[in-house]
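Only one structure is covered here, and it is reproduced in the block below.
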Amino acid sequence: MRIENIELRRVTLPLVTPFRTSFGTANERETTLVRVVTANAEGWAECAAEPDPLYSSEFLDGADLVIRDHLIPRLQALGDRLTAEHVATALAPVKGHPMSKAVLETAILDAQLKETGVSFGGYLGAVHELVPAGVSVGIMDSIDEMLDAVEEYLAEGYLRIKLKIEPGWDLVPVRAVRERFGDDILLQVDANTAYTLADARHLARLDPFDLLLMEQPLKEDDILGHAALARLITTPICLDESIESARDAAAAISLGACSIINVKPARVGGYLEARRIHDVAAAHGVPVWCGGMLETGIGRAANVALAGLPNFVLPGDTSASSRYYEQDLTEPFVLENGHLRVPTGPGIGVDVLPDVLADLTSSTTNITF
Ligand SMILES: O=C(O)CCC(=O)N[C@@H](C(=O)O)c1ccccc1
């Protein structure tokens, strides 16, 4: 495929409500959009890196620099041989930076699929037209505020509730949700690495609440700690930050560190590696679900397509646009009986709204090929 130019565009979207996790509170979503321009199409993707290196070591300004100075030159060296399937290999000499690599691979894949008229879901192997939607509930100032939020999300039709937890906000909110909404709602927790193995007895006190899973309780590099914890609690352990590749997934599953995996294409370097993780997990009978990084409709569209693959059997953090944004960069994703519809158009199957984009853009960098 012949790329004419690549544009990096920094945009900031206000969040409808603050989103608090164990690693910080976000009031807006700042991201870098990548637009890949070819003679016949333009591909879009968004970078999931946070402004600060608190979820992972990547951060947005660093991503911009790595993309511009270390990744794009390696893609330019490929010339006309460049296809989306070549990107990961071409960028492999650069250590780490999966989110920077993912946004380039995804934008190139989007352009490629738009040129050939194939949808993201069609290319990846989606087998569902609708995918079940879960929702992530942040840490809040009070139990009542959290319960009101959960009630509203359940009323909107979300099929699964994920509560962010951290030491001091775990047993009480989980017990409160079970007491208010009963044992039948699908409920899980996400610690974002906030605990240590010394907390095992405390975390075992969550076992009676029949949680779907406990996400990333320990540090991202503590695979053996998660394997030990899995022998001390009955709640299934799901890994997120620990899994950056299909190889990580195979090792974590083989060591008994997880029985469920949260697949985030941005965290693993792109949708092709995400599909490999899906396949490795499926081969071991390990279910996966699609995580979220507060994506705008651009990233959300690609995530929803991925969530259509057969082993994505648990509701993902593929919420409606309105969970985070008053105004999305694309037409909003809207719940249909607790599900989101997999786009069927070429590529990601959604268009960026030009007026909204112009309004939210703070800077643009153009790199000619
Ligand atoms: O629904 C969403 O897009 C967000 C889901 C969510 O909780 N994401 C968390 C996470 O730890 O998985 C996150 C958000 C922002 C940045 C990093 C991680």
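The values are calculated or read from the model by the stated rules, or taken from the named source; none is laboratory data. The structure displayed is predicted, hence computed values, not measured ones. As a convention, Cβ positions derive from the backbone with ideal geometry for all residues, glycine included, and neighbour counts pool all protein chains shown. Heads up: the accessible areas ignore ligands, DNA and RNA and are worked out on the full protein's heavy atoms, side chains in. Shrake-Rupley method; radii C 1.70, N 1.55, O 1.52, S 1.80 Å.
Here are a few things to note about the model shown:
- Restricting the search to strands (runs of 3 or more DSSP E) fully inside the stretch 1-93 and requiring at least 1 residues that are within 16 Å of the ligand (Cβ to nearest atom), modelled with pLDDT of 95 or more and open to solvent by 60 Å² or more (accessible area, probe 1.4 Å) gives 3-21, 24-38.
- Selection of strands (runs of 3 or more DSSP E) fully inside the stretch 115-185 by the criterion of at least 1 residues being open to solvent by 20 Å² or more (accessible area, probe 1.4 Å) and more than 16 Å from the ligand (Cβ to nearest atom) returns 130-132.
- Hits in the stretch 247-269 - residues which are under 16 Å from G291 (Cα atoms) and either within 16 Å of the ligand (Cβ to nearest atom) or open to solvent by 10 Å² or more (accessible area, probe 1.4 Å) (or both): C258, S259, I260, I261, N262, V263, K264, P265, A266, R267, V268, G269
- Enumeration of residues in the stretch 212-262 that are part of a helix (DSSP H, G or I) and not small (G, A, S): I223, L224, H226, L229, R247, D248, I253
- Scanning the stretch 345-369 for residues being touching a helix residue (DSSP H, G or I) at 6+ places or on another chain (Cβ under 7 Å) and farther than 27 Å from D64 by Cβ gives a total of 1.
- Qualifying strands (runs of 3 or more DSSP E) (wholly inside the stretch 281-369; at least 3 residues being farther than 18 Å from R160 by Cβ): 361-368
- Identity of the residue in the stretch 186-217, among the aliphatic types (A, V, I, L, M) and open to solvent by 40 Å² or more (accessible area, probe 1.4 Å), that ends up farthest from the chain's Cα centre (by Cα): A198
- Considering residues of the stretch 304-348 that are polar (S, T, N, Q) and open to solvent by 20 Å² or more (accessible area, probe 1.4 Å) only, the residue nearest to N262 (Cα to Cα): N311
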